[in-house]
Amino acid sequence: MPCITVDSCTFTLFGALGDLALRKLFPALYQLDRAGLLHDDTRVLALAREVGDTAQHLGTIESHLRRYVPAQEVDQQVLMRFMARLDYLTMDFREVADYAPLAERVGPAERVVAYFATPASVYGDICANLAAVGLAERALAVLEKPIGHDLASSRAVNDAVAQYFPESRVYRIDHYLGKETVQNLIALRFANSLFETQWNQNHISHVEITVAEKVGIEGRWGYFDQAGQLRDMIQNHLLQLLCLIAMDPPSELSADSIRDEKVKVLKALAPITAEQLNRQVVRGQYVAGSSDGKAVPGYLEEENSNSQSDTETFVALRADIRNWRWAGVPFYLRTGKRMPQKLSQIVIHFKAPPHYIFAPEQRELIGNKLIIRLQPDEGIALQVMTKDQGLDKGMQLRSGPLQLNFSDTYRRDRVPDAYERLLLEVMRGNQNLFVRKDEIEHAWQWCDQLIAGWKRLGDSPKPYAAGSWGPMSSIALITRDGKAWYGDL
Ligand code: BG6
């Protein structure tokens with residue numbers, strides 16, 4: 001039986017027939033039900049603009065559940081119980097008159113979760129309309145990314161929401177914060193004294209964060225082309241990971257203590273001037289290549305593409321943090337579509353021992369690495385130096401892992417999807433895993449200067465073959481500093 005309790009609520013899902021809701025949110029709610037983590041009285045109102053009868057729309061939701069929940073996890077009884085919690089309402093989210101029937105379906109004292117899986121341009125209207133029917137004051141607002149396109153537009157969205165929802169009731173999603181291993185970063189850093197004493201420029205030489213995807217644009221060309229990899233991945237997921245690695249220990253595990261520390265990191269990020277851009281940032285765009293041995297088209301040949309686009313599908317950059325802890329320690333960030341494999345990992349490279357006594361040709365090997373694998377095969381490995389075994393080996397060194405593989409160690413049959421954790425925390429009213437307004441804004445400010453620099457220089461992305469690790473210049477970016485991306489084959 002679960003050891004946490006969750007109060008009941010009416011979960012209102014705006015954009016309930018969209019891709020995110022069907023692929024991620026309903027399956028996550030179903031899994032919470034299966035785990036006994038939905039209160040018996042919790043109901044889910046699916047809200048979307050599509051007309052037609054309720055049974056038909058609920059049928060669509062159920063068929064997607066069957067598609068996206070692995071067959072062995074579909075429990076007929078739980079599925080029936082879950083579907084019985086659901087109702088559907090056709091709404092135009094901008095139209096206040098459409099909110100009266102919604103209000104009628106919510107009990108007078110019921111807690112409301114309002115999940116906005118819609119374009120951010122509608123968030124302000126949804127908030128105003130919820131307020132008009134008296135629901136805003138007892139609701140939590142959950143905002144999906146992207147919140148804006150730059151600092152100014154993100155401020156406009158946040159300000160519109162803030163007119164009706166105080167920050168304490170706003171939950172901004174960055175789904176990376178719901179991933180099991182990302183949460184483990186906090187445990188790893190602050191529940192072990194071993195690491196914290198080493199966690200600074202005296203002992204760490206550099207840090208790598210790679211979030212590589214094997215897939216291309218997958219029918220999302222229209223959306224993605226307006227954003228690009230910097231806005232889509234660096235501004236949120238990679239900067240959040242960087243913050244969790246770089247932040248100082250919070251004084252307690254409360255949402256604001258953690259977020260205060262993350263904001264300090266974002267504020268300390270060194271700006272990258274247009275003059276430094278060429279050395280410190282690489283943009284790429286994939287051209288035709290191969291994935292899993294099959295030929296795949298380039299970004300400009302994908303379905304619905306525009307052959308003139310100069311949107312980047314890859315970014316690698318060097319970030320520096322201007323504070324006492326991290327002075328002189330580069331953080332190399334890299335993310336791209338159509339990479340050779342799906343891989344999210346953080347590698348902390350420790351400095352070599354101060355005095356070296358082994359054979360000169362082995363010097364390159366030296367240096368511990370802490371490898372935190374977010375996906376796939378979640379786990380942590382600490383590469384330590386040992387002597388190779390055998391009479392004939394002399395003092396030949398070898399780097400080997402002290403390894404913790406989460407699925408083997410904890411014998412869990414499944415790793416929960418990030419959205420399961422996030423939806424649960426919203427329903428528990430815990431903001432730890434959600435992004436505060438000032439975090440988003442500092443992250444935008446830092447990314448905006450890169451975009452402005454690219455514009456000023458008339459920069460266009462460098463081509464890289466689909467199925468490769470990105471443009472050659474992304475390798476030069478790190479080798480120039482005498483380092484290499486860890487584990488690239
Ligand atoms: C989303 C991006 O936020 O994260 C997508 O918009 C990307 O472009 C996705 O594919 C990656 O998430 P995950 O969990 O598969 O690493």
Q | Tally, over the stretch 27-78, of residues that are assigned to a helix (DSSP H, G or I), closer than 16 Å to Leu13 by Cα and basic (Lys, Arg) | A | 0
Q: Would you be able to say whether some residue in the stretch 341-354 is more than 25 Å from Ile380 (Cα to Cα) and more than 16 Å from the ligand (Cβ to nearest atom)?
A: yes
Q | Some residue of the stretch 103-110 being over 22 Å from His39 (Cβ atoms) and either free of Cβ contacts under 8 Å to residues at least 24 places away in the same chain or within 16 Å of the ligand (Cβ to nearest atom) (or both) | A | no
Q.
Condition check: modelled with pLDDT of 95 or more, of a type in the set (Phe, Trp, Tyr) and either under 19 Å from Phe434 (Cβ atoms) or under 24 Å from the mean Cα position of the chain (by Cα) (or both). Does Phe116 satisfy that?
A. yes
Q) Could you count how many residues in the stretch 1-24 are aliphatic (A, V, I, L, M), open to solvent by less than 10 Å² (accessible area, probe 1.4 Å) and either closer than 13 Å to Pro416 by Cα or not in a helix (DSSP H, G or I) (or both)? A) 2
Q | Among residues of the stretch 324-346, those that are within 23 Å of Arg279 (Cα to Cα) and surrounded by fewer than 16 Cβ atoms within 10 Å (Cβ to Cβ), counted | A | 2
Q: Considering only the stretch 349-388, state which residues are in a loop (DSSP other than H, G, I, E, B) and within 35 Å of the chain's Cα centre (by Cα).
A: Lys351, Ala352, Pro353, Ile366, Gly367, Asn368, Pro376, Asp377, Glu378
Q: Kindly establish whether Ala418 is in contact with a Lys or Arg (Cβ under 9 Å, 6 or more places away or on another chain), among the hydrophobic types (A, V, I, L, M, F, W, C), surrounded by 18 or more Cβ atoms within 10 Å (Cβ to Cβ) and at pLDDT 90 or above.
A: yes
Q: Look through the stretch 245-261, keep the residues that are hydrophobic (A, V, I, L, M, F, W, C) and open to solvent by less than 70 Å² (accessible area, probe 1.4 Å), and return whichever of them is farthest from Glu425 (Cα to Cα).
A: Ala246
Q: Output the number of residues of the stretch 17-46 satisfying the condition of being touching a residue at least 24 places away in the same chain (Cβ under 8 Å) and either among the aromatic types (Phe, Trp, Tyr) or out of contact with any helix residue (DSSP H, G or I) (no Cβ under 7 Å at 6 or more places or on another chain) (or both).
A: 10
(Q) Can you report the number of residues in the stretch 197-218 which are small (Gly, Ala, Ser) and open to solvent by 10 Å² or more (accessible area, probe 1.4 Å)? (A) 1
Q. From the list Leu241, Leu194, which one is among the hydrophobic types (A, V, I, L, M, F, W, C) and either more than 30 Å from Lys351 (Cα to Cα) or crowded, with 19+ Cβ neighbours inside 10 Å (or both)?
A. Leu241
Q) Of all the residues that make up the stretch 257-270, how many are in contact (Cβ under 8 Å) with a residue 40 or more places away in the chain, farther than 18 Å from Ala316 by Cβ and not basic (Lys, Arg)? A) 5
Q: Those residues that are closer than 29 Å to Arg414 by Cβ, free of Cβ contacts under 8 Å to residues at least 24 places away in the same chain and open to solvent by less than 80 Å² (accessible area, probe 1.4 Å), I need them from the stretch 71-100; list them, please.
A: Val74
Q.
What's the total number of residues in the stretch 233-275 that are part of a helix (DSSP H, G or I) and touching a Gly at 6+ places or on another chain (Cβ under 8 Å)?
A. 1
(Q) Residue under question is Arg480, and the condition is that it be in contact with a helix residue (DSSP H, G or I) (Cβ under 6 Å, 6 or more places away or on another chain) and either farther than 30 Å from Val157 by Cα or open to solvent by 20 Å² or more (accessible area, probe 1.4 Å) (or both); does it hold? (A) no
Q: Among the residues of the stretch 347-396, write down those that are open to solvent by less than 30 Å² (accessible area, probe 1.4 Å), among the acidic types (Asp, Glu) and in contact with a helix residue (DSSP H, G or I) (Cβ under 9 Å, 6 or more places away or on another chain).
A: none
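The values are calculated or read from the model by the stated rules, or taken from the named source; none is laboratory data. These numbers come from a predicted model, not from an experiment. Don't worry about glycine lacking a Cβ; one is built from the backbone with ideal geometry, like all the others, and counts go over all protein chains shown. Accessible surface is based on the protein model in full, side chains and every heavy atom, while ligands, DNA and RNA are left aside. Shrake-Rupley method; radii C 1.70, N 1.55, O 1.52, S 1.80 Å.
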